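As structure tokens, the structure follows; a few thoughts come after it.
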Ligand code: M6R
């Protein structure tokens, strides 16, 4: 996820910006840059890769070495690529002619704006959506010669989610700012008149005391000793712990990542989910020509997202779809046929088994897509096309937001393919688009729900194991729930298709066998109900998760009433994630770094 810093004051601006960017490294990035301004003097440095590459460039500059501290203001950025590759040209800050901008978020209408500005004679050099902001500002300034008015006119035109800092020679003592969707904090420094900007608390701690976390829609202008906001703001005191700040005040990265799912899926959908259509600019237009089958390959949680998608692909596209665990696929001497579209799913893009499976498909001449969170990772370089998750860096070893964003992306791809194939009509598409827009709400963690999971967790710390059961897409969700629990609690848990219990596993049923039953209202409710009744009759301890009351369960987690099973899916996902995390906490385990596991499995 991109990060922004900014500084106005008398200290060494270069060093402050570099230090600030280092504090934002935990958010994940693939390039970085800073721009500095003092009167007529404007300087910029950009580098791909780690901040130390940028630092080397800044420190090697002999004309203005970092120690001179001559710049009175500057802005900096770490970029997590969304539009365009991680190159120096695409790295922020972006230049117009006499102004620079850094931006976190996505400008949805950048194509229209770019066309308009190109026609007006503006020259674009990057592939980013961000560059339109600075050109739009200069376009207006060239007409009015009024920087404040031009900034206002610029932000009026932007659609999407964004935080922006903009500096310009036309008003060289000021930084313009705007927040809409993506986070931005402004703090008063400990020294007189100093002002700091950052995407999160971490770069501000120790340097400032009072902070404003901007609300959406607030813009303004800052100069030394002067700070103007477009509306009232609330000042608060900065926290004192950096690690606490990096976790946004949550106890664990996993907890933070569960809570931010509702926001990151908005980024996932942005620019792809239009008012009445779905578009994937990153996929070649004729991607389905000659395709009669889809094969998905992945590991772990990503495999579960793939299995979920296989139901959606067949249902919505009427194209045969199979899913394979990458480590199995590699050695089974698979039959590869060129009418198969090969999709790999991976948070990291580096998982050795999935990468090898992708290479095999490539060598076999299959068209391939990587659904991935990390741009420029190995898989994105091998695949013919990449669809990025835009989930931001995932730190917890137990994957959470990668799964929700993978499922959203794959569901959208199923609808996109369904429309191309003509297997869904417009009415169906419009209904599904409406449902997709409601996903963030289903992923929202209600306090009462978290508290319920926390309280229930104390009753599930013993026993001889867990069954997570569900049907249809709730079967892969059951697998995911069981994987989450075993990874961080070290308790034995298995996911099963509910209808399969009677073919063997039910022999284990007794009061010490805990069954977590996923009972959605809108998908085979009566079927799963009978499966759970069979377990209840054998005295298994049952925790039912459903919007419909179920009397035979020992414990019950009530989910919201909705009109679509996928909305139930996402709310139940949050329940399963919180439930596992709270059990792990009670057992005193390391939630973010469970034993024996690594975040990225680059060995087979
Ligand atoms: O980076 P990938 O999505 O390719 O990783 C695949 C698995 O290693 C990963 O999902 C793993 O199962 C997680 N620890 C699950 O929480």
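The values are calculated or read from the model by the stated rules, or taken from the named source; none is laboratory data. What you are looking at is a predicted structure, and each value in this text was computed from that prediction instead of being measured. Neighbour counts are summed over all protein chains in view; Cβ atoms, including those assigned to glycine, are modelled from backbone coordinates with ideal geometry.
Against the condition in contact (Cβ under 8 Å) with a residue 12 or more places away in the chain and under 26 Å from residue 389 (Cβ atoms), how does residue 136 come out, does it pass?
no
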(request) Can you tell me which residue within region 219-234, out of those that are without any contact (Cβ under 8 Å) to a residue 40 or more places away in the chain and not in a loop (DSSP other than H, G, I, E, B), is surrounded by the most Cβ atoms within 10 Å (Cβ to Cβ)? (result) 229
(message) Quick check on my filter: what residues within region 120-153 are modelled with pLDDT of 95 or more and in contact with a strand residue (DSSP E or B) (Cβ under 8 Å, 6 or more places away or on another chain)?
(response) 132, 133, 134, 137, 138, 141, 147, 148, 151, 152
(message) Out of everything in region 377-392 that is touching a residue at least 40 places away in the same chain (Cβ under 8 Å) and within 13 Å of residue 346 (Cα to Cα), what residue ends up being surrounded by the most Cβ atoms within 10 Å (Cβ to Cβ)?
(response) 391
(request) Identify the single condition in (1) over 24 Å from residue 559 (Cβ atoms); (2) assigned to a helix (DSSP H, G or I) that residue 452 does not satisfy, given that it satisfies every other one. (result) (1)
(request) Under 8 Å between Cβ atoms, at least 6 apart or on separate chains: pull out the pairs that start in region 351-371 with a residue that is under 13 Å from residue 302 (Cβ atoms) and end on any residue that is in a helix (DSSP H, G or I) and away from the ligand (no atom under 15 Å from the Cβ). (result) 371/413
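Can you find a residue that is in contact (Cβ under 8 Å) with a residue 24 or more places away in the chain and farther than 27 Å from residue 503 by Cβ anywhere in region 538-555?
Step one: list which residues in region 538-555 are in contact (Cβ under 8 Å) with a residue 24 or more places away in the chain, which gives 538-548, 550, 553, 555.
Applying the additional criterion that residues be farther than 27 Å from residue 503 by Cβ yields 547.
Within region 538-555, one or more residues are in contact (Cβ under 8 Å) with a residue 24 or more places away in the chain and farther than 27 Å from residue 503 by Cβ.
Surrounded by 14 or more Cβ atoms within 10 Å (Cβ to Cβ), assigned by TED's automatic domain parsing to the domain that holds residue 287, closer than 28 Å to residue 392 by Cβ and within 22 Å of the chain's Cα centre (by Cα): is that true of residue 346 in this structure? So that I can check it myself, show each step before the final result.
Values: surrounded by 14 or more Cβ atoms within 10 Å (Cβ to Cβ): yes; assigned by TED's automatic domain parsing to the domain that holds residue 287: yes; closer than 28 Å to residue 392 by Cβ: yes; within 22 Å of the chain's Cα centre (by Cα): yes.
So residue 346 fits the description; yes.
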(request) Could you check, for region 592-604, whether at least one of its residues is within 25 Å of residue 244 (Cβ to Cβ), more than 20 Å from the chain's Cα centre (by Cα), in the same structural domain as residue 451 (by TED's automatic domain parsing) and within 12 Å of the ligand (Cβ to nearest atom)? (result) no
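To keep it simple, each residue is scored yes or no on (1) within 16 Å of residue 391 (Cβ to Cβ); (2) touching a strand residue (DSSP E or B) at 6+ places or on another chain (Cβ under 7 Å).
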{"position": "238", "(1), (2)": "no, yes"}
{"position": "274", "(1), (2)": "no, no"}
{"position": "279", "(1), (2)": "no, no"}
{"position": "304", "(1), (2)": "yes, no"}
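Look through 291, 287 and report the one residue that is on the phi < 0 side of the Ramachandran plot and in contact with a strand residue (DSSP E or B) (Cβ under 6 Å, 6 or more places away or on another chain).
Working: 287 fails: in contact with a strand residue (DSSP E or B) (Cβ under 6 Å, 6 or more places away or on another chain).
Among 291, 287, only 291 is on the phi < 0 side of the Ramachandran plot and in contact with a strand residue (DSSP E or B) (Cβ under 6 Å, 6 or more places away or on another chain).
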(request) Looking only at region 277-328, count how many residues are closer than 24 Å to residue 400 by Cβ, touching a residue at least 24 places away in the same chain (Cβ under 8 Å) and in a helix (DSSP H, G or I). (result) 15
(message) Let me spell it out: the conditions are (1) within 14 Å of the ligand (Cβ to nearest atom); (2) modelled with pLDDT under 95, and residue 244 meets all of them except one. Which number is the exception?
(response) (1)
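Which of the following residues is surrounded by fewer than 24 Cβ atoms within 10 Å (Cβ to Cβ) and in a helix (DSSP H, G or I): 10, 22, 14, 46? Walk me through how you get there before you give the answer.
Details: 10 fails: in a helix (DSSP H, G or I); 14 fails: surrounded by fewer than 24 Cβ atoms within 10 Å (Cβ to Cβ); 46 fails: in a helix (DSSP H, G or I).
One residue alone meets the criteria, 22.
So that you can scan it fast, the table gives a plain yes or no per residue for (1) within 21 Å of residue 599 (Cβ to Cβ); (2) away from the ligand (no atom under 11 Å from the Cβ); (3) touching a helix residue (DSSP H, G or I) at 6+ places or on another chain (Cβ under 6 Å); (4) modelled with pLDDT under 95:
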residue: 348; (1), (2), (3), (4): yes, no, no, yes
residue: 351; (1), (2), (3), (4): yes, no, no, yes
residue: 370; (1), (2), (3), (4): yes, no, yes, no
residue: 373; (1), (2), (3), (4): yes, no, yes, yes
residue: 378; (1), (2), (3), (4): yes, no, yes, yes
residue: 384; (1), (2), (3), (4): no, yes, no, no
residue: 407; (1), (2), (3), (4): yes, yes, yes, no
residue: 417; (1), (2), (3), (4): no, yes, yes, no
